[in-house]
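Notes to accompany the following structure.
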Amino acid sequence: MSARIAVFPGSFDPVTVGHVSIVLRALPLFDRLVVAMGENTTKRYLFPLEQRLAWLKATFADRPTVEVMTYQGLTADLCERIGARYIVRGLRNSTDHGYERSIALMNHALRGVETIFLPALAEHAHISSTIVRELIANKADVSAFVPPAVRIA
Ligand code: ADP
């Protein structure tokens, strides 16, 4: 049987404890989990690509079955390129669900890729990179919401 490879795509601007939780919970389901940071040319990021990538790599350095990479273009095309038949996404609320459902069905239609949804743990449901960025902009302490590898001066 071929290896079960999954992609966990995102912007990770920055990676949060919510993302880490999804990765660790998804790990036992797959042989390899590829954390794939999308480089969307039309999106504006707070942290440069190299910084976001370094934080992700440091966060999962002790997990041999987790790989970290960047990609451009469609997630479904990335899956095809690396032989991944699954995408992992976290769901925090019904807004996430409505949006993610359409994308999941489109990825299935495009490349036959199945999306596996994991519900955010209750203690992470309020955490998003967007809110963490807002806190950073206002000089708040975000250490409870990001993994230890993320150092924000
Ligand atoms: P995107 O720009 O693709 O939404 P994000 O980096 O914001 O990328 O999120 C990547 C994935 O992580 C998404 O599936 C999102 O739902 C999930 N996620 C983000 N924050 C949390 C959280 N606090 N708990 C669980 N899943 C989360």
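What the table shows:
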| quantity | calculated |
| --- | --- |
| Residue in region 105-113 that is in a helix (DSSP H, G or I), open to solvent by less than 30 Å² (accessible area, probe 1.4 Å), more than 12 Å from the ligand (Cβ to nearest atom) and more than 17 Å from Arg32 (Cβ to Cβ) present | yes |
| Leading residue by the ranking (nearest to His124 (Cα to Cα)) among those in region 7-45 that are more than 12 Å from the ligand (Cβ to nearest atom) and surrounded by 13 or more Cβ atoms within 10 Å (Cβ to Cβ) | Leu27 |
| Sole exception among (1) near the ligand (Cβ under 10 Å from one of its atoms); (2) touching a Phe, Trp or Tyr at 6+ places or on another chain (Cβ under 8 Å); (3) open to solvent by 80 Å² or more (accessible area, probe 1.4 Å) for Arg92, by number | (2) |
| Tally of residues being open to solvent by 100 Å² or more (accessible area, probe 1.4 Å) and not in a loop (DSSP other than H, G, I, E, B) across region 46-77 | 2 |
| Residues of region 133-153 satisfying the condition of being touching a Leu at 6+ places or on another chain (Cβ under 9 Å) and in a helix (DSSP H, G or I) | Arg133, Ile136, Ala137 |
| Residue list for region 59-89, restricted to those being away from the ligand (no atom under 14 Å from the Cβ), β-branched (Val, Ile, Thr) and within 20 Å of Val146 (Cα to Cα) | Val66 |
| Options Leu49, Leu110, Leu105; residue that is aliphatic (A, V, I, L, M) and either closer than 15 Å to Pro9 by Cα or in contact (Cβ under 8 Å) with a residue 40 or more places away in the chain (or both) | Leu49 |
| Any pair with Cβ under 9 angstrom, 6 or more apart, that starts in region 80-94 at a residue that is more than 12 Å from Leu33 (Cα to Cα) and ends at one that is within 9 Å of the ligand (Cβ to nearest atom) and open to solvent by 100 Å² or more (accessible area, probe 1.4 Å) | Arg92/His126 |
| Sole exception among (1) more than 9 Å from the ligand (Cβ to nearest atom); (2) among the aliphatic types (A, V, I, L, M); (3) not in a loop (DSSP other than H, G, I, E, B) for Leu118, by number | (1) |
| Close pairs (8 angstrom Cβ cut-off, 6 or more residues apart or separate chains): in contact (Cβ under 8 Å) with a residue 60 or more places away in the chain in region 126-144, more than 15 Å from the ligand (Cβ to nearest atom) anywhere | Ile136/Ile152 |
| Per-region count, region 78-89, residues open to solvent by less than 50 Å² (accessible area, probe 1.4 Å) and assigned to a helix (DSSP H, G or I) | 3 |
| Filter pass, Ser2 being near the ligand (Cβ under 8 Å from one of its atoms) and among the polar types (S, T, N, Q) | no |
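The values are calculated or read from the model by the stated rules, or taken from the named source; none is laboratory data. These figures come from a predicted structure and were not determined experimentally. In this analysis, Cβ positions are derived from the backbone assuming ideal geometry, glycine residues included, and neighbour counts consider all displayed protein chains. With ligands, DNA and RNA removed, areas are computed over all heavy atoms of the protein, side chains included. Shrake-Rupley method; radii C 1.70, N 1.55, O 1.52, S 1.80 Å.
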